[in-house]
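Trainee: Sharing a structure below in structure tokens format, with a few things to ask.
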Amino acid sequence: MSLGSVPLKYKVTIDREQCMHCMRCINNCSYGVFHREDDRIIIDSRKCTACHHCISMCPRDAISLQERPVDYRSHPLWTAEAREDIINQARTGKIILAGMGNAKPYPVIFDRLVLDACQVTNPSIDPLREPMELRTYIGKKPPRLEIDKKDNGDIEMLTKLTPNLKLETPIMIGHMSYGAISLNAQLSLAKAVEKTGTFMGTGEGGLHEAIYPYQKNMIVQVASGRFGVDINYLERGAAIEIKIGQGAKPGIGGHLPGEKVCQDVSCTRMIPLGSDAISPAPHHDIYSIEDLAQLVRSLKEATEWKKPVFVKIAAVHNAAAIAAGIARSSADAVVIDGFRGGSGATPKVFRDNVGIPIEAAVASVDQKLKDQGIRNKISVIASGGIRNSADIAKSIALGADAVYIGTGALIAMGCRVCGQCYRGMCPWGIATQRQELVDRLDPEIESEHVANLIRSWTLELSELMGAAGINSIESLRSNRSRLRGYMLDEGTLDVLQVKPVGA
Amino acid sequence: MKKVEIDAKGMHYTPLNKMIREAVKNGAKEIILDNVIGQRFIADGLKGDVTIRINGVAGGDLGMFMNGPTCIVNGNCDHAPGNTMDGGTIVIHGSAGDAVAHSMRGGKLFVEKNIGYRGGIHMKQYEEDRRPALVVGGASHAFLGEYMAGGLIIVLGIGQENPVMDRGIGSGIHGGMIVIRGEVKDELLGVGARKMEFGEKELEMITPYVEEFCKHFDTEPSGLLDTNYTCIVPASTRPFAGKYTWE
Ligand code: SF4
Ligand code: SF4
């Protein structure tokens, strides 16, 4: 017997009273939900992904969308999702691919942490009238400075400093490769980080020529596939990042399907047109922490020790011990990507089940590095699921030097987190290589949106700091006494080294 | 032709590479490194038209990211010579460790004797001018040519009965070709790899590489230029297609 069809995920309706027959929805939907028969717009709701492009473009607010219009018999264990995944796999015998980050309703630790503010005993600071220091340096800091005092009173610093990245705000944009996202999307992000004095990652897709003008704001990534990696690429970047793992899929590699490898993607990644770009699960020249140190040093040696090297790992159970190993490898920063990190395409079982939350990972990494007296050897960058300035403030108070944002920056360009990135038809022109869709995204406009987001969060961050009587981001870093846990269990509070509310 | 000699005895790799870069900048065409004993990263990221003769044992990642130079090693090599190399030539008068030619995208790498595990892993090619080749005179250990996305690996098996006796040959291969002297047992092939008939056309293709190998190591190609090879190619260019279904 046939399994038949599963109920609709979304139901789209048009308020026919409101509709003015402009036909914009037909043109806007890249999935083909709408078509015209004579004078009537016919709706095929099954094709809908809830990307909201039609809704955002409808001049009459005539379109409505409802999630799961058909009820299942309710059951706390056998959710609709559990049932539908089984039906899908019974049909196909395959691994389920999904987009965007972890979609399971795990409790969000950020939402159970509250920040502090000054009352009476020490005054809060108004960022309008007092300088607020948000400038952040990423890289090694010397444990002490050796200074030579000359007879004439001049002072000479004898300690040789290692190169650091100078950020005007502790917010960077994480790695989203050209290939996974469109060139216009990457260009928008690049313009935005240039405007705001910060940095972004290239992802593992190489560096397209169009991005060269922004190379001084780019962190070039070296992943296990080594796509687009050559000496010129390494020399162009402001810093280099070795990608070991990704929060959305710890422990596995990636495959960019051949359909997404168009002429331009092929040149940038330096692979043949239309071929699958396969990134193996491990780097096959790294089978140990010593090998990682060797790769870090090989990158430093190739670029004459002029560039900081970051190492990105997924937040996993032993993240703290791994980060301590990385801190001893000559690396300048460790990026911890939490289990809510985004991704264009991830096996769902990984996305939803592997890894740990960024809050716990950052706190334990910071603590471990301090316990071992090596916190100054390496900067810590928190990544994965950062939604607002409060998440940033909390990440820094838990021990991060800076954060990477990803999905947040995409939402600033239109993304509605529909989670269909892997299909390459993103109607917002972000996760697609189809020219007609890519053209929808204007880098001049979208870069301003992304820059605005970074500016807003930077403003809010300085307000939050001011309210807490803190005028420098360094004083917030790892300042867990300014956090309290609300309804967090004792074990988690212990890992976070945070007291409960009221204590 | 400007020749520069450097005594590497007791030297750390960073000052050594600095001296090499400096010499290249000053127009050296030949650099001789004596007393090399395990220094890593020699010629790492080096560009230009220069021949570096390395007397001794080269450490890991010789010629990594290199584009252009020729490195001739009179001795063995530690792991991953030619790692992510873009162009140029490496000639090793001896054996090399694991992950030889890892992710190599261009240029040629000749090993006189044997290589360790994961030789030629994830080699790839790009356009006409970036077609890397790894030629091994002796034998190779397991996982040869895994995830290979392009380029050519030849294992000549000189003085060996079975030059590749370990498993995992070409697992996940989706481009390029592995050529091994003699017969290779089916069970040694990795998932996604298949054998293809080695005929006159293939012989013609490998001949210039075999001849160049023989020139470097001063041997006779005649005994190697026949069709007694096994050719291993991808079963599909899309090994991971068909593994997934959408949410
Ligand atoms: S975009 Fe809105 S107004 Fe225009 S045809 Fe569609 S539903 Fe009607
Ligand atoms: S990038 Fe596009 S496809 Fe991906 S979630 Fe956002 S809107 Fe959907």
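The values are calculated or read from the model by the stated rules, or taken from the named source; none is laboratory data. Quick caveat, the model's predicted, so the values are computed rather than measured. Backbone-built Cβ (ideal geometry, glycine too); neighbour counts: all protein chains shown.
Trainee: Could you tell me whether any residue of the stretch B:54-70 is facing chain A (nearest Cβ under 8 Å), in a strand (DSSP E or B), surrounded by fewer than 24 Cβ atoms within 10 Å (Cβ to Cβ) and touching a strand residue (DSSP E or B) at 6+ places or on another chain (Cβ under 6 Å)?
Mentor: Scanning the stretch B:54-70 turns up at least one residue that is facing chain A (nearest Cβ under 8 Å), in a strand (DSSP E or B), surrounded by fewer than 24 Cβ atoms within 10 Å (Cβ to Cβ) and touching a strand residue (DSSP E or B) at 6+ places or on another chain (Cβ under 6 Å).
Trainee: Follow-up question, since we're still on this one. Scan A:G201, A:G253, A:G225 and give me the residue that is under 21 Å from A:I411 (Cβ atoms) and touching a strand residue (DSSP E or B) at 6+ places or on another chain (Cβ under 8 Å).
Mentor: A:G201
Trainee: Still on this structure, please answer the following. Filter the stretch A:280-295 down to the residues that are buried (at least 22 other Cβ atoms within 10 Å of the Cβ) and in contact (Cβ under 8 Å) with a residue 24 or more places away in the chain and list them by number. Steps first, answer last, please.
Mentor: Within the stretch A:280-295, the first condition is being buried (at least 22 other Cβ atoms within 10 Å of the Cβ), and the residues that meet it are A:283-285, A:292, A:294-295.
The answer is A:H283, A:H284, A:L292, A:L295.
Trainee: Which one of the conditions (1) surrounded by 11 or more Cβ atoms within 10 Å (Cβ to Cβ); (2) over 24 Å from the mean Cα position of the chain (by Cα); (3) among the polar types (S, T, N, Q) does A:S177 fail to meet, given that it meets all the rest?
Mentor: Single failed check for A:S177: (2).
Trainee: Follow-up question, since we're still on this one. Take residues that are away from chain B (no Cβ under 14 Å) and within 16 Å of ligand 2 (Cβ to nearest atom) and tell me which of the helices (runs of 4 or more DSSP H) falling wholly in the stretch A:1-106 contain 1 or more. Full working, then the answer.
Mentor: Numbers: elements: A:24-28, A:53-57, A:80-92.
Result: A:24-28, A:53-57.
Trainee: Moving to a separate point now. Look through B:T207, B:T230, B:T245 and report the one residue that is in contact with a strand residue (DSSP E or B) (Cβ under 9 Å, 6 or more places away or on another chain), outside any loop (DSSP other than H, G, I, E, B) and at pLDDT 90 or above.
Mentor: Exactly one of B:T207, B:T230, B:T245 is in contact with a strand residue (DSSP E or B) (Cβ under 9 Å, 6 or more places away or on another chain), outside any loop (DSSP other than H, G, I, E, B) and at pLDDT 90 or above, namely B:T230.
Trainee: What tally of residues in the stretch A:49-65 results from selecting those that are in contact with a helix residue (DSSP H, G or I) (Cβ under 9 Å, 6 or more places away or on another chain) and surrounded by 11 or more Cβ atoms within 10 Å (Cβ to Cβ)? Step through it out loud before you land on a result.
Mentor: Keep residues of the stretch A:49-65 that are in contact with a helix residue (DSSP H, G or I) (Cβ under 9 Å, 6 or more places away or on another chain), which gives A:49, A:53-59, A:61-65.
Narrowing further to those that are surrounded by 11 or more Cβ atoms within 10 Å (Cβ to Cβ): A:49, A:53-58, A:62-65.
Final tally of qualifying residues: 11.
Trainee: Restricting attention to the stretch A:7-31, which residues are touching a helix residue (DSSP H, G or I) at 6+ places or on another chain (Cβ under 7 Å) and within 14 Å of ligand 1 (Cβ to nearest atom)?
Mentor: Passing the criteria: A:V12, A:R24, A:C25, A:N28, A:C29.
Trainee: Moving on to the next point. List every residue pair whose Cβ atoms sit under 6 Å apart, with the two residues 6 or more apart in sequence or on different chains, where the first one lies in the stretch A:47-59 and is within 14 Å of A:F34 (Cα to Cα) and without any contact (Cβ under 8 Å) to a residue 24 or more places away in the chain and the second, anywhere, is more than 9 Å from ligand 2 (Cβ to nearest atom) and in a loop (DSSP other than H, G, I, E, B).
Mentor: A:K47/A:Y31; A:K47/A:G32; A:K47/A:V33
Trainee: Just for the stretch A:338-352: of the residues that are crowded, with 24+ Cβ neighbours inside 10 Å, within 20 Å of A:N318 (Cα to Cα) and not hydrophobic (A, V, I, L, M, F, W, C), which one is farthest from the chain's Cα centre (by Cα)?
Mentor: Selected residue: A:R351.
Trainee: While we're on this one: Looking at the stretch A:302-341 only, could you name the residues that are charged (D, E, K, R) and within 16 Å of A:A402 (Cα to Cα)?
Mentor: A:K312, A:D332, A:D337, listed by residue number.
Trainee: Moving to a separate point now. Condition first: away from ligand 2 (no atom under 16 Å from the Cβ) and at pLDDT 95 or above. Can you find one or more residues in the stretch A:409-418 that meet it? Walk me through it before giving the result.
Mentor: Going through the stretch A:409-418, the residues away from ligand 2 (no atom under 16 Å from the Cβ) turn out to be none.
Checked the stretch A:409-418: no residue is away from ligand 2 (no atom under 16 Å from the Cβ) and at pLDDT 95 or above.
Trainee: Can you tell me which residue is nearest to the other protein chains (Cβ to nearest Cβ) among those in the stretch B:3-52 that are part of a loop (DSSP other than H, G, I, E, B) and over 24 Å from the mean Cα position of the chain (by Cα)? I'd like the intermediate steps shown before the answer.
Mentor: From the stretch B:3-52, those part of a loop (DSSP other than H, G, I, E, B) are B:8-12, B:26-27, B:38-46, B:48-50; that's our starting set.
Right, trim to over 24 Å from the mean Cα position of the chain (by Cα) and you get B:8-12, B:26-27.
On the way: B:A8: 15, B:K9: 20, B:G10: 18, B:M11: 14, B:H12: 11, B:N26: 16, B:G27: 19 Å.
Step by step, filter the stretch B:3-52, then rank; the result is B:H12.
Trainee: Do the conditions hold for A:L256, that is, is it modelled with pLDDT under 85, buried (at least 24 other Cβ atoms within 10 Å of the Cβ) and among the hydrophobic types (A, V, I, L, M, F, W, C)?
Mentor: The answer is yes for A:L256.
Trainee: Which numbered condition in (1) more than 20 Å from the chain's Cα centre (by Cα); (2) within 11 Å of chain B (Cβ to nearest Cβ); (3) modelled with pLDDT under 95 is the only one that A:Q263 fails?
Mentor: The single condition A:Q263 does not satisfy is (2).
Trainee: Do you know which residues across the stretch A:298-342 are charged (D, E, K, R) and at positive phi? Break it down stepwise before answering.
Mentor: Going residue by residue through the stretch A:298-342, those that are charged (D, E, K, R) are A:300-301, A:304, A:306-307, A:312, A:328, A:332, A:337, A:340.
Answer for the stretch A:298-342, where residues must be charged (D, E, K, R) and at positive phi: just A:E304.
Trainee: Still on this structure, I have one more. Would you check which residues across the stretch A:230-260 are assigned to a loop (DSSP other than H, G, I, E, B), more than 21 Å from A:I219 (Cα to Cα) and within 12 Å of chain B (Cβ to nearest Cβ) and list them?
Mentor: A:I252, A:P257
Trainee: Suppose we filter A:G385, A:G373, A:G355, A:G429 for residues that are part of a loop (DSSP other than H, G, I, E, B), surrounded by 21 or more Cβ atoms within 10 Å (Cβ to Cβ) and away from ligand 2 (no atom under 16 Å from the Cβ); which single one remains?
Mentor: A:G355
Trainee: Here is a further query. Just to be sure, is A:E17 under 33 Å from the mean Cα position of the chain (by Cα), surrounded by fewer than 17 Cβ atoms within 10 Å (Cβ to Cβ) and more than 25 Å from A:E436 (Cβ to Cβ)?
Mentor: No, not satisfied.
Trainee: Related question: Does B:G145 fit the bill of being away from chain A (no Cβ under 14 Å), in a loop (DSSP other than H, G, I, E, B), in contact with a strand residue (DSSP E or B) (Cβ under 9 Å, 6 or more places away or on another chain) and at pLDDT 90 or above?
Mentor: So B:G145 does not fit the description; no.
Trainee: Anything in the stretch B:88-124 that is of a type outside the set (D, E, K, R) and assigned to a strand (DSSP E or B)? List them, or say none. Reasoning before the result, please.
Mentor: Within the stretch B:88-124, the first condition is being of a type outside the set (D, E, K, R), and the residues that meet it are B:88-97, B:99-104, B:106-107, B:109-111, B:114-117, B:119-123.
B:G88, B:T89, B:I90, B:V91, B:I92, B:A96, B:L109, B:F110, B:V111, B:I115, listed by residue number.
Trainee: Only one residue in A:G203, A:G225 is of a type in the set (G, A, S), within 14 Å of chain B (Cβ to nearest Cβ) and in contact with a Gly (Cβ under 9 Å, 6 or more places away or on another chain), so which one is that? Reasoning before the result, please.
Mentor: Numbers: A:G203 fails: within 14 Å of chain B (Cβ to nearest Cβ).
That would be A:G225, the only listed residue that is of a type in the set (G, A, S), within 14 Å of chain B (Cβ to nearest Cβ) and in contact with a Gly (Cβ under 9 Å, 6 or more places away or on another chain).
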